[in-house]
Amino acid sequence: MLNYQNFKLIIKAKKVPIVSNPIISYIEDKNNNHLYCEIYWKNILIAKGIILDFYKEFENIEDFTYVSTFEWQGQIYTKNTYFGQKIFEIKNFTNPPLDEQKRKSYLSEMVNNFTPYIESLINHSINPIISYVPSHSKIPENIAYQLANDNNLQIVNIIQKNSSFQSKNLTAIDTQSFDKYIVNLQGISKNNTFVIIDDVVGTGATFCEVMYKLYEFNQKINYFLAVVKDVKRWKKCL
């Protein structure tokens, strides 16, 4: 079983929260419009990625992160960021469901923001295989297929949830196992490089696990793209 203590996910952004997370470190970087990420395993760089936005707005107050809330008509609401609001609507507007045209518009906007990073890989002679983390929302799958189609890239379904685990939405790193996903690479050449799509990054454990298994397979830096980072999904561990 993989040990989470061997991993570090570094996120660089113009504005960063102050959180206690044994995997994730935030670095303020005024040059990044989105969230630029690197994953290390035992100090070895195994993956690079982009997250478009934080899931909720926040303010740094002394040594903790305050997720912005506001009151309206007697109810307390959490304020989402730009892409965070779109993810929230797709995931939570079920009765009635989000208008299908609006859903497609949101997904296309996410794809358009990911496209420059895919094009950059292609311009550097990397023609990646695209795959995605399975989700009930189908957001990663929908984005992956559109990115692959728009850029004439191969897409494969190589990641499945381990049936022993019911959900990836856990909050504490120290209660998680790094065996939540099965990555089936049978029939795929080790010469390939991968781009993995997900919708919401929580603790960072999912990408650490998946990207490690890909690195173990091809001994290359692989890539990941996610729409939002949930700044609330963390818990002080250790």
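The values are calculated or read from the model by the stated rules, or taken from the named source; none is laboratory data. All values reported here derive from a predicted model rather than from experimental measurement. So basically every Cβ, Gly included, is an ideal-geometry build from the backbone, and we count neighbours across all protein chains shown. In case anyone asks, the SASA skips ligands and DNA or RNA and just uses the protein heavy atoms, side chains included. Shrake-Rupley method; radii C 1.70, N 1.55, O 1.52, S 1.80 Å.
Values for this structure:
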quantity	calculated
Filtered residues of region 179-188 (kept if among the charged types (D, E, K, R) and surrounded by fewer than 18 Cβ atoms within 10 Å (Cβ to Cβ))	D179
Meets criteria (open to solvent by 40 Å² or more (accessible area, probe 1.4 Å) and in contact with an Asp or Glu (Cβ under 9 Å, 6 or more places away or on another chain)) for K86	no
Long-range neighbours under 8 Å by Cβ, at least six apart or interchain, first residue modelled with pLDDT of 95 or more within region 141-154, second in a loop (DSSP other than H, G, I, E, B) and open to solvent by less than 90 Å² (accessible area, probe 1.4 Å)	E141/P134; E141/S135; L147/L153; L153/P128
Subset of region 46-73 (residues that are among the hydrophobic types (A, V, I, L, M, F, W, C), closer than 30 Å to T115 by Cα and either open to solvent by 70 Å² or more (accessible area, probe 1.4 Å) or within 17 Å of the chain's Cα centre (by Cα) (or both))	I46, A47, I50, I51, L52, F54
Pairs with Cβ under 6 Å, 6+ apart, first in region 216-232 and under 19 Å from L45 (Cβ atoms) and charged (D, E, K, R), second open to solvent by 10 Å² or more (accessible area, probe 1.4 Å) and not in a helix (DSSP H, G or I)	K220/T193
Checking E100 against (1) open to solvent by 80 Å² or more (accessible area, probe 1.4 Å); (2) closer than 26 Å to I18 by Cβ, the condition it does not meet	(2)
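For every residue, the table says whether it meets (1) under 23 Å from S20 (Cα atoms); (2) in contact with a Lys or Arg (Cβ under 9 Å, 6 or more places away or on another chain); (3) open to solvent by 20 Å² or more (accessible area, probe 1.4 Å); (4) modelled with pLDDT of 90 or more.
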residue	(1), (2), (3), (4)
S131	no, no, no, yes
I158	no, no, no, yes
K190	no, yes, yes, yes
V200	yes, yes, no, yes
Y212	yes, no, yes, yes
Y215	no, no, yes, yes
I221	no, yes, yes, yes
